[in-house]
Ligand code: SF4
């Protein structure tokens, strides 16, 4: 497990690396300068399970907003900086818990030194981020195109730029929208450096395709013990990123808690609106923190059997359904009461489960 041997890095009130749990990160899509909207979105993301939030800081106003935003949120805030080193300094002076920069694009050694000096003084971690889309020309030529090897070399060069300034409070991220290239790059870099890795498949697409690509890429990477924080990047509401990230971590056994809904694919035996019901159930259970499995099955012929491994479940009949607990049918329920019955059971789960 590479992640057991990475350096422990403290980001605000969270620790990553060194075998700490893999944390879920997301990014706001509000204007950071708009404190009210940004706080609102961060609180929504916190409620969904986001553990570290990143906000873009393209202006001095955005940097100043960081200190206001931080008064109302409860998770560490990472300032995302592009090109202008002064924004990195301003974000740190305004309380950013971490900054994300690409040392290759902030304007030379003196600018890097200026940023590192402030980070050092305040002990703020720096995430060194490189992206396949901005790989240096020399590396593209050396490796005959954009390759995993080139991305890794670029990232290690950037890490050295900061280490040369005597600073090693670092997190590294390497990103590519090519899933398999991204996987290979992580396999390579995990063997070369011991800094915590922030892992994500960049520009992965809309909620459906992006979640699939991210699950595949992150799954392959995380399952090798690589990765200390993750982000699922989606062209959608960032709450969906957090929900997808939670499912990925739970599926890999890297996160506990929260209800897991299993549901059948429906077939010719289904006589209730199972697709609609399963969606409603999934939404309803997101507010419960029990560590249990809930089955939503389409029929009473196979449903109870298939739901045996679940703690709680329902199986549809014709205009009705049955409530199942630990694989046993408990009672018959009219179709329009199935959701409220499940809710009742969950509300009283401590006493009956
Ligand atoms: Fe079909 Fe019943 Fe199986 Fe659902 S549980 S797929 S309805 S047989």
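Only the coordinates and a few stated rules stand behind these numbers; no lab work does. A quick note: this is a predicted structure, and the numbers were derived from the prediction, not measured. We place every Cβ from the backbone using ideal geometry, glycine too, and count neighbours over all the protein chains shown.
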Q | Inter-centroid distance (Cα atoms) of region 173-216 relative to region 103-127, Å | A | 25 Å
Q: Per DSSP H run of n ≥ 4, the term is -39500 (n - 2.57); total these for the chain, divide by its residue number, and report the mean residue ellipticity at 222 nm rounded to 500 deg cm²/dmol.
A: -12500 deg cm²/dmol
(Q) To test your reading of the geometry: what angle, between 0 and 90 degrees and rounded to tens, separates the Cα axis of helix 109-122 from the longest principal axis of the chain? (A) 60 degrees
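Can you sort 180, 297, 1, 284 by how many other beta carbons sit within 10 Å, fewest first?
1, 180, 284, 297
Test of understanding: ordering 236, 336 by Cβ neighbours within 10 Å, fewest first, what list do you get?
Sorted ascending by nearby Cβ count, the order is 336, 236.
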Q: Just report the Cα centroid separation between region 33-76 and region 307-353, whole Å.
A: 40 Å
Q: Treating the angle as unsigned and between 0 and 90°, give the value, to the nearest 10°, between the Cα long axis of helix 35-48 and the longest Cα principal axis of the chain.
A: 50 degrees
Q) Gap in Å between the Cα centre of region 264-280 and the Cα centre of region 133-155? A) 48 Å
**Q.** Between helix 274-285 and the chain: long-axis angle, C-alpha atoms, 0 to 90°, nearest 10
**A.** 60 degrees
**Q.** Beta bridges per DSSP with both ends in the chain, % antiparallel, nearest 5
**A.** 30 percent
**Q.** Neighbour-count order for 320, 267, 50, 55, fewest beta carbons within 10 angstrom listed first
**A.** 267, 320, 55, 50
Q.
Can you classify region 209-353 as rounded, prolate or oblate using the Cα gyration tensor, where a ≥ b ≥ c are the square roots of its eigenvalues, rounded means a/c under 1.5, and otherwise it's prolate if a/b beats b/c and oblate if not?
A. prolate
Q: Please work out whether region 1-132 counts as rounded, prolate or oblate from its C-alpha gyration tensor, where a ≥ b ≥ c are the square roots of the eigenvalues and a/c under 1.5 means rounded, while otherwise a/b larger than b/c means prolate and anything else oblate?
A: oblate
